[in-house]
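First up is the structure itself, then whatever we jot down about it.
Please treat every number below as a calculation from the coordinates, not as lab data. Small disclaimer: the values here were computed from a predicted structure and weren't measured. Note that we place each Cβ from the backbone using ideal geometry, even for glycine, and neighbour counts take in every protein chain shown.
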Amino acid sequence: MHSSYKSKGGPARLYNALRYSIQGFAAAFRHEAAFRQELLLVAVLTPLAFWLGRSPLEVSMLVGVLLIVLIVELLNSALEALADTITVDHHPMIGRAKDLGSAAVLLSLVVAALVWLGVLASHLLPA
């Protein structure tokens, strides 16, 4: 059995996928304070990454870890929205799911900080 919401493919599928993605970004920006804060961090640090990076690889690493933070935040927000649709009452398993999503965001921020600190250290410390 196939969902009536699944597309058949082709250019219309690509158009719809792009449209849904834009709607997702708009919803995250409108409803998720953490996403807005992390987006501001990305907006501030991305130009710095181009200035700081000595090679395309370094710039890619610096910008890439910032995008990973946004990706994990979007997934965490999706999980929370789904959980809140099921129930807003306290439920231990939903609480655990939300805590796990939050932990994933924290780890993505730690990875981003480590990469940025590593690149900064490689530029500031003698070889």
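Beta carbons closer than 8 Å, at least 6 apart along the sequence or on distinct chains, pair a first residue in region 113-127 that is closer than 16 Å to LEU45 by Cβ with a second that is acidic (Asp, Glu) for VAL119/GLU58. Of all residues in region 87-127, those satisfying the criterion of being closer than 21 Å to LEU39 by Cα and hydroxyl-bearing (Ser, Thr, Tyr) are SER102, SER108.
Residues in region 59-109 that are among the acidic types (Asp, Glu) and more than 18 Å from the chain's Cα centre (by Cα): ASP84, ASP89. Remark: pairs (first residue in region 55-74, under 14 Å from PHE35 (Cβ atoms); second residue part of a helix (DSSP H, G or I) and among the acidic types (Asp, Glu); Cβ separation under 9 Å; 6+ apart in sequence or on different chains) = LEU66/GLU38; VAL69/GLU38; LEU70/GLU38; GLU73/GLU38. Give the number of residues within region 33-88 that are assigned to a helix (DSSP H, G or I) and of a type in the set (Lys, Arg). The total comes to 1.
Restricting attention to region 15-38 and to residues that are loosely packed, with under 11 Cβ neighbours inside 10 Å and basic (Lys, Arg), the residue that is nearest to SER102 (Cα to Cα) turns out to be ARG30.
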